[in-house]
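First the structure, in the form of structure tokens, and then the observations on it.
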Amino acid sequence: MSAFNDMEIFARVVTAGSLSAAGRELGLSPAVVSKRLKRLEDRLGTRLLQRTTRQIALTEAGRDFNERVIQILASIDEAEGFASGRSDVARGTLKVSAPTTFGRLHIAPYLGPFLGAHPGLTVNLVLSDDFVDLVREGIDVSIRIAELTDSSLVARRLAPNHRLLCATPAYLATHGEPRTIADLSRHTLLATAGQDPWRLEGPSGPVTVHVEGRLRTNSNEVVREAVFAGLGIAFRSTWDVGPELRSGQLAHVLPAYRASRRVAVHAVYPSRRFLAAKVRLFIDYLGSLYGEHPAWDQGLEGIVGSG
């Protein structure tokens, strides 16, 4: 039992991000947490964590060990739930990562009912437009909007993703509306560095467009506001700019071109064999919110169905 408790403490430190935070969750002092971690490392004969006064980082051995510990703890949690008739009880801390704008628009506003239905659960929502290593960061589930190719992760499709070119009518009135892909070279294109190049699919197949604009930023939120301000043409998803497309604040540009339909909104999690109740219930909840015909695409059938 002692070995199991040490593994649980290790997993909690990884999830919480520090010894002191894990200690507060477990009701232990940082000194006790540190002592238990050292005992675990001594027993295994390897260092699992690189510890400083401000943060911790998993070693390579620690990442591999953490992935297996997650599976063990999840299976024990599920077994206890089934044995006690509480398989639908979510408890503990659920650490979720998501892109900044998507999380702000389509996760944060809907957490109230989910938390209300699961009073024993705490949600730690981490918003970032950077790639997040689930195991290293102790993420239980990540929302990724992509064409997934990483077979080491488990993914569930939550919704389609319709991504298209758009600009304000005022911008197009001033600069002219592009009629061909080649015309884009004469326009201001808005994107973060990570979004260059744009990969489009058109009538003749895939097309790559390199983005060279006068605005440079690492923030999707800045690009979003820039296109609303009429600074140029952007490549945005309907979950992001649907209301503006419906109202006419934004116009659909080059409707024959869009992102690959293989790109979708996915819930991704690291364990292939075991799925904790808190993760399963959260993914099911998001799936019920979105679906193949999400609310953000209502009124845009002519746009999302074209091309």
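Taking region 8-45 as the range and being in a loop (DSSP other than H, G, I, E, B) and under 13 Å from residue 93 (Cβ atoms) as the test, only 17 passes.
Tally time: how many residues in region 149-166 are outside any strand (DSSP E or B), surrounded by fewer than 16 Cβ atoms within 10 Å (Cβ to Cβ) and of a type outside the set (S, T, N, Q)?
Within region 149-166, residues that are outside any strand (DSSP E or B), surrounded by fewer than 16 Cβ atoms within 10 Å (Cβ to Cβ) and of a type outside the set (S, T, N, Q) number 1.
Checked against (1) in a strand (DSSP E or B); (2) more than 21 Å from residue 57 (Cβ to Cβ), residue 142 passes all but condition (2). The residue that is nearest to the chain's Cα centre (by Cα), counting only those in region 10-22 that are among the small types (Gly, Ala, Ser) and crowded, with 21+ Cβ neighbours inside 10 Å, is 16. Of the residues examined, residue 75 is not one that is part of a loop (DSSP other than H, G, I, E, B), at pLDDT below 90, within 26 Å of the chain's Cα centre (by Cα) and of a type in the set (S, T, N, Q).
Can you work out which of the residues in region 48-69 that are loosely packed, with under 14 Cβ neighbours inside 10 Å and part of a loop (DSSP other than H, G, I, E, B) is modelled with the highest pLDDT? Step by step, filter region 48-69, then rank; the result is 55.
Give 127, 26 a once-over and let me know the one that is within 30 Å of residue 217 (Cα to Cα), surrounded by 15 or more Cβ atoms within 10 Å (Cβ to Cβ), modelled with pLDDT of 80 or more and touching a Lys or Arg at 6+ places or on another chain (Cβ under 8 Å). 127 is the lone residue from the list that is within 30 Å of residue 217 (Cα to Cα), surrounded by 15 or more Cβ atoms within 10 Å (Cβ to Cβ), modelled with pLDDT of 80 or more and touching a Lys or Arg at 6+ places or on another chain (Cβ under 8 Å).
The values are calculated or read from the model by the stated rules, or taken from the named source; none is laboratory data. Here the structure is a predicted model, which means the values were calculated and not measured. Virtual Cβ from ideal backbone geometry, glycine too; neighbours counted across all protein chains shown.
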